[in-house]
Structures are given as structure tokens and as C-alpha cells.
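Note sheet for the following structure.
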Amino acid sequence: MINYLFREQNWKSQLSDLITDPYELLTTLNLSTDQLLSGALLASEQFKLRVPRAFVRKMVPNDPFDPLLLQVLPHHLELEDHINFVADPLGEEEATQLPGVLHKYESRFLLTLTGACAIHCRYCFRRHFPYQDNLPKSKDWAHIKSYIESQAKINEVILSGGDPLTLSNSKFKLWLERIESIPQIKMLRIHSRVPVVIPERLDHELITMLKQSRLNIVLVIHANHANELDDFTIAALAQLSATQITVLNQSVLLKGINDSAATIEALSYRLFEAKVLPYYLHVLDKVKGAAHFDLEPQVINQLYTDVLATLPGYLVPKLVREIAGEKNKTPLYGEIH
Ligand code: SF4
């Protein structure tokens with residue numbers, strides 16, 4: 001088990017001590033605050049800056065184009081309207097069956113237990129999601145259970161963003177036990193960015209809980225750039241390889257951040273050092289406020305062609321797009337236009 005004692009804060013105190021002020025973020029990195037046009041501040045009011053200090057320490061000071069900084073720094077371009085970039089690009093309102101239950105695919109559904117995230121990613125397709133109307137309470141569990149039991153093909157629950165690993169271990173355990181109590185559920189998938197941005201979250205209590213579960217556990221982390229994976233993060237993730245937990249990574253292709261084959265290749269190799277396999281490489285979901293991260297189809301096709309030619313197959317993430325109403329994520333290679 002990794003020794004976290006040398007880190008000055010445990011994960012809960014890190015979570016309550018995030019940087020939320022764009023001026024503080026830029027001055028911490030020794031950067032000019034001149035770029036904070038009023039539009040950027042308004043963007044931060046609409047979707048608040050949130051970033052753990054541990055993640056900021058992975059950024060390169062004095063570099064206004066640092067690929068980690070660009071993922072979190074509010075930008076005035078977020079206020080521009082673009083055709084096809086909408087508040088709910090994946091039709092999640094329509095897929096919501098009950099508070100917290102998003103059912104898009106036959107054998108699995110998403111359960112959102114919290115609207116909170118440790119970090120606010122400016123490209124997030126749920127940045128406008130009305131979490132306040134969609135969080136299940138304890139009293140809703142009976143309805144959720146009945147819903148699952150009415151859908152014989154469901155065998156997997158996906159806990160997804162807001163980030164389920166921002167919950168305390170006791171709350172997480174409560175929901176884990178509820179899910180375990182339904183015999184038809186065989187797998188639990190946990191989508192979380194927290195192990196990357198606050199690696200201390202992978203604490204002994206959580207790992208023991210997951211190890212002891214009767215469910216097959218899949219943890220899908222979210223890193224977009226190799227710089228997110230410092231040695232401490234690698235060690236925290238690598239300890240999971242001694243458990244039965246499968247650990248995968250998903251990324252989003254982002255202009256100016258990871259839009260080169262070399263960057264995706266470096267990320268895959270770094271993930272493998274942590275025994276994490278690349279899973280999905282998502283084309284940006286067309287969410288309002290994120291158009292400036294979008295890439296031209298030919299850039300994506302060339303990048304992926306180069307990645308395929310360089311990486312061993314087991315380190316190549318699947319290039320996909322999620323299309324509202326489709327029965328699965330859509331594989332894209334050679335199909336982008
Ligand atoms: S749901 Fe995931 S991608 Fe969206 S802001 Fe939270 S951590 Fe980032």
C-alpha cells in the first residue's frame with residue numbers, strides 16, 4: 001500500500017482547499033493576469049474554476065500554454081455561440097428515467113450520485129447538466145431498484161460525473177451495498193477524474209471496499225496528457241494492479257492540449273507504467289462553451305493514423321464519438337467528417 005504520509009494534506013482537506021479564483025491560479029504559476037478579460041471572469045461565474053492544488057503543481061510555471069492549465073482556466077471564448085454547440089449535446093435530459101438514472105445503453109446505465117467534481121474541465125459535456133434536479137436521495141433507492149429489476153438486460157451500473165469519488169467512503173459504501181444487493185448486477189464501473197487530480201483518494205479504506213465487493217469493479221480514470229501522471233500519481237494507480245480492479249483511462253481530444261500523435265503516444269506509455277490501459281479517445285462532445293477545443297476532422301484522422309502506426313495495439317485507445325440516441329459509442333477511425 002502506498003505511503004501517503006509525506007503528502008501534506010489528505011484527500012478530504014485537498015478537496016476543501018481547491019483553487020477557485022482565476023487570479024490566484026495565474027499568480028501561483030507566475031503568469032500575468034492580463035489575459036483575464038472580463039469574458040473569462042464571466043465564464044468562470046457560469047462554470048466555476050475548480051482545481052486541486054496538487055494538479056496545479058503538475059503545471060509548468062511561466063507557461064501560459066501549459067496543457068494542464070488550458071484544461072481548467074476559464075476563457076472568454078466560452079461565451080461565444082457556435083452552431084451545433086448546445087447545452088445538452090448527448091440528449092441526456094431525454095435519457096433520464098429517474099433522478100440520477102441515465103439509461104442510454106441496453107446492458108448498463110449511469111447513476112449520478114453527486115453533482116460535485118474535484119476539478120472543472122472546461123470541455124466537460126455535463127457543464128450545463130442540472131444536477132440539482134437529478135440527484136437521487138435515499139428515499140429514491142426503492143424506485144431505482146424497481147427500475148433495474150424491470151430491465152432484465154441491465155447487468156452493469158456506471159457511477160459517473162459529478163465525480164463519484166468525491167463522496168466520502170461511508171456514503172460510497174452505502175451505495176455500493178445497495179447496488180450489490182441486486183443479483184442481476186454483475187459489474188460496477190466507476191468513472192472518476194479524482195485518482196488523477198488527487199491521487200490520495202485511492203486510500204486503504206476505498207481499495208479494501210472495492211476489493212471485497214462481489215461485483216467486478218472497473219475504474220475508468222480520465223487523463224488527457226502525460227504531464228497529469230507524475231510519479232506519485234503513477235504509484236497510487238499502480239497499487240491497484242495488485243487487486244482485482246480493472247483500471248482503464250479515457251481521454252478527450254482537445255485543441256492545443258493533446259492534439260498531436262506524440263502527445264497521445266506519450267500518454268499511453270505513461271499510463272502503462274501505472275498498469276492502466278488506454279480505453280477511449282473521445283472526439284469532443286459539442287457542448288456550448290467548448291467550441292475552441294474542437295479539432296478539424298482531417299487533423300483527427302491524421303493523428304489517429306499516426307498513433308496506430310506507432311503504438312502497440314494494446315496501447316491504442318479506441319477513437320469514438322458519442323451520438324445522442326445511438327445504442328453504443330460510435331467508432332470513428334476513417335469516418336470523421
Ligand atoms: S464530470 Fe468529469 S469531465 Fe466533467 S468537470 Fe467533472 S471531472 Fe471534469
## Note on the structure
A118 meets each of (1) surrounded by fewer than 21 Cβ atoms within 10 Å (Cβ to Cβ); (2) outside any strand (DSSP E or B) with one exception, condition (1)
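Kindly indicate which of A262, A291, A238 is closer than 26 Å to F85 by Cα, surrounded by fewer than 20 Cβ atoms within 10 Å (Cβ to Cβ), assigned by TED's automatic domain parsing to the domain that holds C121 and small (G, A, S).
Among A262, A291, A238, only A291 is closer than 26 Å to F85 by Cα, surrounded by fewer than 20 Cβ atoms within 10 Å (Cβ to Cβ), assigned by TED's automatic domain parsing to the domain that holds C121 and small (G, A, S).
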### Query
What's the number of the condition T114 fails, among (1) within 13 Å of the ligand (Cβ to nearest atom); (2) outside the structural domain of A152 (by TED's automatic domain parsing); (3) polar (S, T, N, Q)?
(2)
### Query
Within the stretch 188-235, can you find the residues that are among the hydroxyl-bearing types (S, T, Y) and assigned to a helix (DSSP H, G or I)?
T208, T233
#### Entry: Some residue of the stretch 280-287 being without any contact (Cβ under 8 Å) to a residue 60 or more places away in the chain, among the aliphatic types (A, V, I, L, M) and in contact with a strand residue (DSSP E or B) (Cβ under 6 Å, 6 or more places away or on another chain)
yes
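Determine whether F172 is of a type outside the set (S, T, N, Q), within 13 Å of the ligand (Cβ to nearest atom) and under 28 Å from Q71 (Cα atoms). Walk me through how you get there before you give the answer.
On the way: of a type outside the set (S, T, N, Q): yes; within 13 Å of the ligand (Cβ to nearest atom): no; under 28 Å from Q71 (Cα atoms): yes.
So F172 fails the test.
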### Query
in the same structural domain as S107 (by TED's automatic domain parsing) and over 12 Å from the mean Cα position of the chain (by Cα), is that true of P183?
yes
### Subset of the stretch 121-152 (residues that are farther than 22 Å from L176 by Cβ and either part of a loop (DSSP other than H, G, I, E, B) or within 14 Å of the ligand (Cβ to nearest atom) (or both))
C121, R122, Y123, C124, F125, R126, R127, H128, F129, P130, A152
### Message
Given the criterion under 26 Å from S160 (Cβ atoms) and not assigned by TED's automatic domain parsing to the domain that holds I148, identify the matching residue among R108, R53.
### Response
R53
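Does H76 satisfy being in contact with a Phe, Trp or Tyr (Cβ under 6 Å, 6 or more places away or on another chain) and away from the ligand (no atom under 16 Å from the Cβ)?
So H76 does not fit the description; no.
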### Query
Among the residues of the stretch 30-70, how many are surrounded by fewer than 17 Cβ atoms within 10 Å (Cβ to Cβ) and over 14 Å from T20 (Cβ atoms)?
16
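The values are calculated or read from the model by the stated rules, or taken from the named source; none is laboratory data. Just so you know, these numbers come straight off a predicted model, no measurement behind them. Cβ atoms come from the backbone with ideal geometry, glycine included; neighbour counts cover every protein chain shown.
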